[in-house]
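Comments concern the structure below.
The values are calculated or read from the model by the stated rules, or taken from the named source; none is laboratory data. It should be emphasised that the depicted structure is a prediction, and the values quoted were computed from it without experimental measurement. Here Cβ is always computed from backbone atoms with ideal geometry, including for glycine, and neighbour counts include all displayed protein chains. Protein only, heavy atoms only, side chains kept; ligands, DNA and RNA dropped before computing areas. Shrake-Rupley method; radii C 1.70, N 1.55, O 1.52, S 1.80 Å.
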Amino acid sequence: QVQLVESGGGLVQPGGSLRLSCVASRSIFNIYTMGWYRQAPGKQRELVASISRTGSTNYAVSVKGRFTISRDNAKNTVYLQMNSLKPEDTAVYLCKAEQVFTKDTYWGQGTQVTVSS
């Protein structure tokens, strides 16, 4: 079992920045792919960014150049730095961990991000 706890969401004006954190209950990054997803009201959950166990990253087209995913292995934490935020980035952001070999998947509870003036 893996528990994931997100934090860092909030209300921010357009053009502003936020940094989300996802803390895992144990050291998992060597065998898990970590991802940030988001879900807006009435919309499907979508992948925002992911980081593999080797450190390679992947981004949705809509956030490329504005968001950066990173991790701190010593702190069992994955981050999502979000810059130049837009109203359309408003959503609940969720952290996901997927085991590379078994495909076991764990989700955090989510953190709300609201971009509004």
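I'd like to check one number: the per residue accessible area of segment 1-106, probe 1.4 Å, reported in Å² as a whole number. Could the numbers behind the result be given before it?
Numbers: 5490 Å² over 106 residues.
Using a 1.4 Å probe on heavy atoms only, each residue of segment 1-106 averages 52 Å².
How much of the accessible area of the chain, probe 1.4 Å, is carbon plus sulfur, in whole percent?
Numbers: 2910 of 6080 Å².
Whole-percent figure for carbon plus sulfur exposure: 48.
Suppose a student asked you for the relative contact order of the chain, using Cα pairs under 8 Å spaced at least 6 residues apart; what percent would you report? Intermediate values should be presented prior to the final figure.
Values: 286 pairs, mean separation 43.1, N = 117.
Relative contact order for the chain comes out at 37 percent.
First select every other residue whose beta carbon is under 11 angstrom from the beta carbon of Val2; then total the charges, Lys and Arg +1, Asp and Glu -1. If you can, show how the numbers build up before the last one.
Values: positive: Arg26, Lys96; negative: Glu98, Asp104.
So the surrounding residues net to 0.
Hey, got the dipole for segment 1-86? About the Cα centre, +1 on K and R Cβ, -1 on D and E Cβ, debye to the nearest 20? All intermediate terms of the calculation are to be shown ahead of the outcome.
Numbers: 11 positive and 3 negative charges, 22 e Å.
With only Lys, Arg, Asp and Glu charged at Cβ, the dipole is about 100 debye.
Relative to the present Cα-Cα distance, how much length would full extension add between Ser62 and Arg19 at 0.36 nm per residue of separation? Each step should come with its number before you reach the end.
Numbers: separation 43, 0.36 × 43 = 15.48 nm, distance 1.73 nm.
Using 0.36 nm per residue and subtracting the Cα-Cα distance, I get 13.7 nm.
How big is the chain by the Kirkwood estimate over distinct Cα pairs, in Å?
Numbers: mean 1/r = 0.0710 Å⁻¹.
Computed over Cα pairs of the chain, the Kirkwood hydrodynamic radius comes out at 14.1 Å.
If you add up the charges near Phe29, with Lys and Arg at +1 and Asp and Glu at -1, over every other residue whose beta carbon is less than 14 angstrom from its beta carbon, what do you get? Please report the intermediate quantities before stating the final value.
Working: positive: Arg26, Arg53, Arg71, Lys75, Lys96; negative: Asp72, Glu98.
So the surrounding residues net to +3.
GNM on the chain, C-alpha springs below 10 Å: top fluctuator among Leu47, Leu11, Leu80?
Checking each option, the largest mean-square fluctuation is seen for Leu11.
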